[in-house]
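Written out below as structure tokens is the structure these notes cover.
Read-outs throughout are calculated quantities, based only on the coordinates presented, and are distinct from any laboratory measurement. Predicted model only: the values in this text are computed from it and were never measured. Because the Cβ atoms are built from the backbone with ideal geometry, glycine has one as well, and the counts that use them run over all protein chains shown.
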Amino acid sequence: MEAKFTQIQETAYAKLNISLDVADKRPDGYHDMIMVMQTISLCDDVTIRLNNSGKVRAKTNFSFIPGDERNLAVKATLAYLAAIGAEGQGMTITIEKKIPVGAGMAGGSTDAAAVLRALNRMYDFPLSASALEELSASVGSDVPFCVRGGTVLATGRGEKLESLADMPDCIYVICKPEFSISTPELFRKLDQMSLRCHPDTAGILDAINQDNLEQICRRMYNVFEDVDDRRLRVVKEIKGIMLDHGALGAMMTGTGSAVFAIFRKGMETDALVSKLRAGYGFCETAENVSRLIS
Ligand code: C5P
């Protein structure tokens, strides 16, 4: 299969969980999830260039991120090339990372998803949107959502997607403390406890359908915040600061460690951003991004 372009660029948007529930541990070791996910404007920039090396490598602005198959963007490229019968094509993937790493914002998964959308454009759309999503599930549980984007109910491992009405207009203030939390580690800790509270996912879906931001914020909930881990005290502290500054709601995203607050558009957030940046390092604002492919 011949590529139409030798170089292509794509935006890799971050995700936030508006709610996160864990149902059962499955025989395959994964957990069944019930998550409302949202694509946001905070993003990495991905550029793919073809070359004659016969190898696929990734380069990023963070030296600790691997450039070989351990990088989901490389794994996604190899899976895509195999699917269209173009194995052996050399490529360099350059990723300008702005999404914090180890944050629960699907940074690695969204780079892989951007690579899949870009490659499908590069080769003139040999795969349908649904074939691309299906292929992406083999790369990682969050990758299908990142391929599609928008406001989505994700179930199964996270790969079963139902697109929802757009999330109401709002501003997100996102803060990532300096530590990261490992996803498998937090799942293991969750397995050792019994959850007493679950999010009202049906209520959140109703509120999204009614474009009712207050009702969404009242119900947003992440079961991982209830895990017994001393680092989660910092998460609670950041949430407290956000709510004290007038946030409609605040929550940890995914398995953390990033925490975000929701504000109505036009509400003042500068003082909060300055305070969180000074206290914890990373703090940025972002907006909703709608569905990327259909
Ligand atoms: O699919 P992915 O490689 O992103 O998952 C990383 C790890 O997170 C898995 O190895 C597993 O420990 C955990 N996980 C899980 N249930 C899910 C998704 C991820 O237990 N639905």
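In this Cβ point-charge picture (+1 for Lys and Arg, -1 for Asp and Glu), the chain has a dipole of about 580 debye about its Cα centre. Once the chain from Asp24 to Glu87 is taken as fully extended at 0.36 nm per residue, the excess over their C-alpha distance is 18.9 nm. Projection of the Cα convex hull of the range 137-294, averaged over all directions and equal to a quarter of that hull's surface, yields 9.7 nm². Peptide packing for 35-42, 52-59 was compared via the average number of neighbouring C-beta atoms within 10 Å per residue; ordered from the highest value, the list is 35-42, 52-59.
The average projected area of the chain, computed from the convex hull of its Cα atoms over all directions, is 14.9 nm². For the pair the range 183-222 and the range 59-114, the centres of their Cα atoms are 29 angstrom apart. Model label points for Glu134 and Phe5, set 7 angstrom from Cα along the Cα-to-Cβ axis, are 2.7 nm apart.
All C-alpha pair distances within the range 7-163, sorted into 5 Å bins from zero, spread as 2, 10, 20, 23, 20, 14, 9, 3, 1, 0 percent across the bins.
With θ taken as phi - 60° and the Karplus curve 6.51 cos²θ - 1.76 cosθ + 1.60 applied, the whole-hertz 3J(HN,Hα) list for the range 85-92 is x, 10, 4, x, 5, x, 8, 10 Hz, x standing for glycine and proline.
Name the residues of the range 1-34 whose amide N is less than 15 Å from a point 7 angstrom out from the Cα of Phe125 along the C-beta direction? What the label zone holds, given the 15 Å backbone N cut-off, is 4. For the range 116-132, the Karplus equation 6.51 cos²θ - 1.76 cosθ + 1.60, evaluated at θ = phi - 60°, returns couplings of 5, 5, 5, 5, 5, 6, 4, 9, 6, 6, x, 10, 6, 4, 6, 5, 5 Hz by residue, with Gly and Pro reported as x. Normalised by the number of residues in the range 171-286, the average gap of Cα pairs under 8 Å and 6 or more apart makes the relative contact order 43 percent. Helix content alone sets the calculated 222 nm mean residue ellipticity of the chain: runs of n ≥ 4 DSSP H residues at -39500 (n - 2.57) each, divided across all residues, give -9500 deg cm²/dmol. Site pair Asp211 and Ser53 shows an inter-label distance of 4.9 nm when each label is modelled 7 Å from Cα along Cα→Cβ.
Summary of packing: across the peptides 71-78, 243-250, the per-residue average of other C-beta atoms within 10 Å ranks them, highest first, as 71-78, 243-250. Compared with the alpha-carbon gap, the fully stretched path from Asp68 to Ala165 is longer by 31.2 nm at 0.36 nm per residue.
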